[in-house]
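The structure appears right after this line, and notes come after that.
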């Protein structure tokens, strides 16, 4: 069945290109006249000799290459331009029946010698460049991120917001896919982004309505992280060192926060070889506190437990990467990548609780009172090894065949200690609990793509991809009442889980242009098989559940260019959000004293329909503006919902804890809809002051039910990200950034606003080889409520919970970067496709 469908799918698309009308193409490669470095984002405009009118135009790719296809027969001339460089005109381009495809070869652009004193200003990239299918953000525009991670960069993008828990959302949704140099990972994006050094990132691409050639995973689209590239030949080395000053406010945490790290890369490219080595280490601690209040009503008993205490994070990760590229000729390219490392993130939540229970409306008749200290430490670890191999072949007729395989082994673990101690005599144990999971994961991805020679109607691509994931979880939960006793297994929280998922997919994609129009349309067929095995440690329950689907995922984009500086586009994309093993695991996990978490073994994937319309306008002096309206409809919406725990006794020896525990459960709750708008503007004031402002505003509704109760949530919410940079001189600049997330309604409550202002100063020395950046993060000075957020949920007549998370402010960081040769790195590194989602 699968083979027949795949064959039919390919035959349909290959059949499209049998006939080829008489239209031509012009291609070439643009480089710097002196350094031979490729010039990305150079403008290539094709004009008609007949009336000097603009026929069409493109922007050069990351390797300097460009291709203009679907050109009618006729006489033309070409203009090539790039900021800070002299414009070059190429005349006498004749498209005839005998000369349809013209390759101009390598074209060199020279710096404008009349304006050398202004080159540093004029050659700066825009903060954002808009393409037909994506928005491209220059990472160098965000100098406050130096020494940080990829998260620090992307939280400045218009559609992105990050809350107090470190959860990353795109257009209000955490469901987005992360690519590294175009390669997808299947891991949890927010965790993975924290592992990537900001210094190693060239740019970030936001693809909100992806085409069919991409995996349809991710209801909010795709973020593509592009690593630095550059010199054609020679050696390159760079070292970055960062360190934080002592904390101004320690929030009475037991240990002082430590913040320091380094990352370095060495690259050598000579003739046919490109070899790169990279390593990084980062220690990034965050001090903080948690202030909470919860009450439950069970069987007419009112139980309340206010709490207060430390909530901090210690994060440490290090890794090494190795990449070899071999290009024996213009038609063949090989690449091998290896990546290995360790990571650990520890969350400390040492909380003092004051519990009391009494009948409803009879506060004086207390059933019990209990003051205790909950010492909770949750550690997430992960050791991983990844390897990949890529091969690409370009045929003489310009068709291209690409193949890629990736294998990953990841050993994950999540030990958690949860001690309930008497207070103030904390030497006396009420409960001492320990749980862990050994979670080995094996993942494999194989992909084959074929790009046909351009036809008169555009370029046709087809491809096949296979993914397999094997994930096993071994969860043990132990409890004791005395430090001298052994831990005894608690069957309620101990289990085994095995998840196997196979995905076959094929796609066809057509891209083209005609006069002022650009278009893209595609169709992807995906076949998924999922096997889930569940068993409790007591051996009383074993269950195997199977789920599969065969589904089509269409996509289409149409863009009209009014002029070189303004355009309008409309897009449609169908997406899917597949649940992870964590969200499928129905066995409860005790996070800390008052919370249990569990998944749903019958959880269905979310299916998403996305429509968007966008307008882009460029102004003088590199200023620009864009606005995109979008509508997203999500079926089988997955939400995390709370309810009072109603299972077996948590601890038969101490029933006082049963009524003070909430169940957090992932469940399909109905349909979610978002109607919103993204907008951004880049404004240059004079030669020295650049400003970028981005915002996302949307109206969100949830129409569904959970546990027999209707969910009807409606809210309008927004986020704002501002960035203002002033050049004090050619070698010094000052930058202010501000990130704001408004109040947000959730399925059962609301999250308060969250914001963070930041200031940085950058100074370069030794002809830009040495760069010092000083950062003042989370500016507060005791005057604001920076870096804190209150999260509240409730169910009338059943429970109410509110927690204020207060994290460290007025953090001062120093970052020093030294480049041994003032060129950029060419390497592209692989990274995890499977393991991070379960980390």
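The values are calculated or read from the model by the stated rules, or taken from the named source; none is laboratory data. Computed from a prediction, not measured in an experiment: that's the story for all the values here. Here the Cβ positions follow ideal geometry from the backbone for every residue, glycine too, while neighbour counts run over all protein chains shown.
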(1) over 30 Å from residue 398 (Cα atoms); (2) touching a strand residue (DSSP E or B) at 6+ places or on another chain (Cβ under 6 Å); (3) crowded, with 17+ Cβ neighbours inside 10 Å all hold for residue 487 apart from (3)
Q. Got at least one residue in the stretch 254-270 being outside any strand (DSSP E or B), over 26 Å from the mean Cα position of the chain (by Cα) and either outside the structural domain of residue 201 (by TED's automatic domain parsing) or on the phi > 0 side of the Ramachandran plot (or both)?
A. no
Original post:
Do we have residue 723 as at pLDDT 90 or above, in contact with a helix residue (DSSP H, G or I) (Cβ under 9 Å, 6 or more places away or on another chain), closer than 24 Å to residue 614 by Cβ and surrounded by 17 or more Cβ atoms within 10 Å (Cβ to Cβ) here?
Top reply: yes
In the stretch 274-328, anything more than 25 Å from the chain's Cα centre (by Cα) and either part of a loop (DSSP other than H, G, I, E, B) or not assigned by TED's automatic domain parsing to the domain that holds residue 787 (or both) is listed as 299, 300, 305, 306
Within the stretch 392-404, identify whether any single residue is in a strand (DSSP E or B), under 30 Å from residue 498 (Cβ atoms) and at pLDDT below 90, and answer yes or no. no
- Query: What about residue 160, is it surrounded by 20 or more Cβ atoms within 10 Å (Cβ to Cβ), at pLDDT 80 or above, under 30 Å from residue 579 (Cβ atoms) and touching a helix residue (DSSP H, G or I) at 6+ places or on another chain (Cβ under 7 Å)?
  - Reply: yes
Per the list (1) under 26 Å from residue 617 (Cα atoms); (2) part of a strand (DSSP E or B), residue check on residue 715 breaks on (1)
Checked the stretch 145-157 for anything part of a helix (DSSP H, G or I) and either under 22 Å from residue 698 (Cβ atoms) or modelled with pLDDT of 80 or more (or both); matches are 151, 153, 154
In the stretch 373-387, anything at pLDDT below 90 and buried (at least 19 other Cβ atoms within 10 Å of the Cβ) is listed as 382, 384, 386
Apart from one, (1) at positive phi; (2) crowded, with 19+ Cβ neighbours inside 10 Å all hold for residue 539; the odd one out is (2)
By residue number, the members of the stretch 281-297 that are surrounded by 18 or more Cβ atoms within 10 Å (Cβ to Cβ) and either free of Cβ contacts under 8 Å to residues at least 12 places away in the same chain or closer than 30 Å to residue 335 by Cα (or both) are 282
Screening 432, 438, 449 for residues that are closer than 17 Å to residue 388 by Cα and either touching a strand residue (DSSP E or B) at 6+ places or on another chain (Cβ under 9 Å) or crowded, with 20+ Cβ neighbours inside 10 Å (or both) leaves only 449
Residue under question is residue 278, and the condition is that it be surrounded by 19 or more Cβ atoms within 10 Å (Cβ to Cβ) and modelled with pLDDT of 90 or more; does it hold? no
Of (1) at pLDDT 80 or above; (2) closer than 22 Å to residue 566 by Cα; (3) under 35 Å from the mean Cα position of the chain (by Cα), residue 29 fails just (2)
If you go through 452, 448, 492, the only one that is in contact (Cβ under 8 Å) with a residue 40 or more places away in the chain and touching a helix residue (DSSP H, G or I) at 6+ places or on another chain (Cβ under 9 Å) is 452
Counted residues in the stretch 762-800 being under 22 Å from residue 643 (Cα atoms), surrounded by fewer than 17 Cβ atoms within 10 Å (Cβ to Cβ) and without any contact (Cβ under 8 Å) to a residue 40 or more places away in the chain come to 1
Out of (1) surrounded by 16 or more Cβ atoms within 10 Å (Cβ to Cβ); (2) out of contact with any helix residue (DSSP H, G or I) (no Cβ under 7 Å at 6 or more places or on another chain), the one residue 477 does not meet is (2)
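Residue-wise test of (1) closer than 29 Å to residue 260 by Cα; (2) not in a strand (DSSP E or B).
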{"residue": "703", "(1), (2)": "no, no"}
{"residue": "719", "(1), (2)": "no, no"}
{"residue": "722", "(1), (2)": "yes, no"}
{"residue": "734", "(1), (2)": "yes, no"}
{"residue": "755", "(1), (2)": "yes, no"}
{"residue": "758", "(1), (2)": "yes, no"}
{"residue": "782", "(1), (2)": "yes, yes"}
Next item on the list: Would you check if there is a residue in the stretch 649-666 being in contact with a helix residue (DSSP H, G or I) (Cβ under 8 Å, 6 or more places away or on another chain), closer than 26 Å to residue 172 by Cβ and in a loop (DSSP other than H, G, I, E, B)?
Entry: no
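Please pick out the residue among 499, 525 that is touching a helix residue (DSSP H, G or I) at 6+ places or on another chain (Cβ under 6 Å), modelled with pLDDT of 95 or more and in a strand (DSSP E or B).
525
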